[in-house]
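The values are calculated or read from the model by the stated rules, or taken from the named source; none is laboratory data. Quantities reported herein were computed from a predicted structural model and do not represent experimental measurements. Cβ: placed from backbone, ideal geometry, glycine included. Neighbour counts: every protein chain shown. Ligands, DNA and RNA are excluded from the accessible area calculation, which covers all protein heavy atoms including side chains. Shrake-Rupley method; radii C 1.70, N 1.55, O 1.52, S 1.80 Å.
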Amino acid sequence: MTLVALGEETAAGTRARTLFSRLLSDRDYWELLDCDSVDEILERLKNTEGYARTLAALSSGIHRSELETHLEGIPFVEARRFLTSVTASRRDWLEAWLGLYDAETLNRVLRKIFSGHEGASGLEQRFHRVPGSSLPEKDLLAADNFDQILEALRGTPWFRVLQEPLKAALREGGNLFSAEMAVDALTLTRLVRTSRALTHSGKGSLSDLFGTLADLQNISWTIRGLHYFGMGFEEMINRLLPLRHRLSFDTLRRLGRSKGLDELWDHLGRTPYAAVFGPHPITDSMALEKLIKNHLWNKALSILRKGTPSFPALGAYLFLHDQEIRDIKMIIEDVRYDFNRRDAALFLARPLIRGGETSWHS
């Protein structure tokens with residue numbers, strides 16, 4: 001490693017540890033879960049070190065979606081600040097990470113067209129929250145149908161992967177599952193490849209973290225596509241991420257050709273991820289997502305707990321911060337609709353409740 005690379009690694013890793021110390025504690029999580037309104041959540045966040053500066057200008061009565069837009073951009077605004085201080089594979093990785101934000105923005109544009117419910121103003125705020133998007137903002141916001149979306153994306157990598165699924169959605173109606181898979185697959189593939197270029201693939205590396213994410217995403221898509229959305233095997237296989245970490249294509253093919261969840265779980269039991277999913281089929285999509293989130297949370301945490309400051313520590317921190325914000329959004333929904341907070345705690349990425357026991361802190 002050159003002196004320049006070593007300096008960038010050390011600086012990024014040291015900064016990541018400082019930022020990590022500002023993430024919410026378990027107690028902060030429980031206090032958010034104990035809130036009675038979105039305004040109360042906002043006030044608690046404004047009094048925590050990690051969110052005070054970003055949310056300081058927001059006042060009570062803010063719409064839930066505006067608060068969530070401010071929160072969602074934080075790990076990507078932080079990543080953009082590092083772009084000027086890193087080079088080579090480290091810069092490539094940060095740009096791939098920023099691509100995740102663009103992917104979610106594009107998916108929301110697709111949902112707006114499909115449902116007709118989300119106004120352009122929320123999307124405008126999302127574009128402006130994290131500047132420098134590679135997406136054609138003006139043309140996407142002006143689009144009224146999928147044909148205009150495709151025309152706006154012509155000349156970008158998104159155009160190629162969305163042509164067929166969007167035409168199918170126009171032709172057949174139904175849902176956007178295939179289109180959103182295509183968007184996410186393009187972005188995750190780039191992130192896995194840049195992670196591999198950055199670090200070795202062994203345990204405790206960014207390559208292992210995001211390679212595992214890719215494997216688990218493929219498993220999740222297979223379960224949801226075949227058993228929740230009724231997709232055919234060939235269509236499902238063709239939409240999966242082209243990269244493999246600890247899963248072979250033959251394994252994915254066996255999963256995809258399962259005649260039911262019992263058979264699929266039997267195949268899962270012979271994979272390196274048997275312990276993640278457990279011995280019995282899971283029919284609830286949120287419960288399935290929770291198992292995946294918890295596993296990835298612990299894996300990212302193990303990278304940060306390594307002794308030497310390094311760029312992978314920054315990558316792990318950004319991943320954990322993004323997961324934390326997803327948790328906060330879930331808590332906002334739980335509070336808004338007055339769901340049972342004890343049950344809500346079970347479905348967060350941060351494993352607040354261990355060993356299967358539900359304990360309430362107030």
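Residues that are among the aromatic types (Phe, Trp, Tyr) and within 23 Å of residue 287 (Cβ to Cβ) occur at least once in region 223-238. Among residues of region 97-112 that are more than 11 Å from residue 188 (Cα to Cα), those with a beta-carbon under 8 Å from a residue that is β-branched (Val, Ile, Thr) and in a helix (DSSP H, G or I) at least six positions away or on a different chain give the pairs 102/187; 106/183; 107/183; 109/149; 110/149; 110/183. So which of 190, 196 is among the basic types (Lys, Arg), within 30 Å of residue 305 (Cα to Cα) and under 18 Å from the mean Cα position of the chain (by Cα)? The unique qualifying residue is 190. Cβ-Cβ contacts under 8 Å between residues 6 or more apart (or on different chains), taken from a first residue in region 253-273 that is open to solvent by less than 10 Å² (accessible area, probe 1.4 Å) to a second residue that is modelled with pLDDT under 90 and not in a helix (DSSP H, G or I), are listed as 264/258. Scan region 84-135 for residues that are of a type in the set (Gly, Ala, Ser), over 27 Å from residue 207 (Cα atoms) and not in a helix (DSSP H, G or I) and the total you get is 2.
Tell me whether region 56-70 contains one or more residues that are out of contact with any Cys (no Cβ under 7 Å at 6 or more places or on another chain), farther than 18 Å from residue 330 by Cβ, surrounded by 14 or more Cβ atoms within 10 Å (Cβ to Cβ) and touching a residue at least 60 places away in the same chain (Cβ under 8 Å). Within region 56-70, none of the residues are out of contact with any Cys (no Cβ under 7 Å at 6 or more places or on another chain), farther than 18 Å from residue 330 by Cβ, surrounded by 14 or more Cβ atoms within 10 Å (Cβ to Cβ) and touching a residue at least 60 places away in the same chain (Cβ under 8 Å). Specify the residue that is farthest from the chain's Cα centre (by Cα); the eligible residues are those in region 228-281 that are of a type in the set (S, T, N, Q) and in a loop (DSSP other than H, G, I, E, B). Checked region 228-281; the qualifying residue farthest from the chain's Cα centre (by Cα) is 258.
Considering 224, 190, the condition of being open to solvent by 20 Å² or more (accessible area, probe 1.4 Å) and modelled with pLDDT of 90 or more is satisfied by 190 alone. Just to be sure I understand, how many residues within region 128-162 are surrounded by 14 or more Cβ atoms within 10 Å (Cβ to Cβ) and of a type in the set (S, T, N, Q)? Counting residues in region 128-162 that are surrounded by 14 or more Cβ atoms within 10 Å (Cβ to Cβ) and of a type in the set (S, T, N, Q) gives 3. Summed over region 1-38, the residues that are closer than 19 Å to residue 341 by Cβ and loosely packed, with under 14 Cβ neighbours inside 10 Å give a count of 5. Which ranges mark the helices (runs of 4 or more DSSP H) fully within region 152-227 that have 3 or more residues being of a type in the set (Lys, Arg)? In region 152-227, 157-172, 177-198 are the helices (runs of 4 or more DSSP H) which contain 3 or more residues that are of a type in the set (Lys, Arg).
When region 39-49 is filtered for residues that are closer than 28 Å to residue 82 by Cβ and surrounded by 19 or more Cβ atoms within 10 Å (Cβ to Cβ), the ones remaining, listed by number, are 42, 45. Among the residues that make up region 338-349, is at least one of them surrounded by 21 or more Cβ atoms within 10 Å (Cβ to Cβ), in contact (Cβ under 8 Å) with a residue 60 or more places away in the chain and either assigned to a loop (DSSP other than H, G, I, E, B) or not polar (S, T, N, Q) (or both)? Checking region 338-349: at least one residue is surrounded by 21 or more Cβ atoms within 10 Å (Cβ to Cβ), in contact (Cβ under 8 Å) with a residue 60 or more places away in the chain and either assigned to a loop (DSSP other than H, G, I, E, B) or not polar (S, T, N, Q) (or both).
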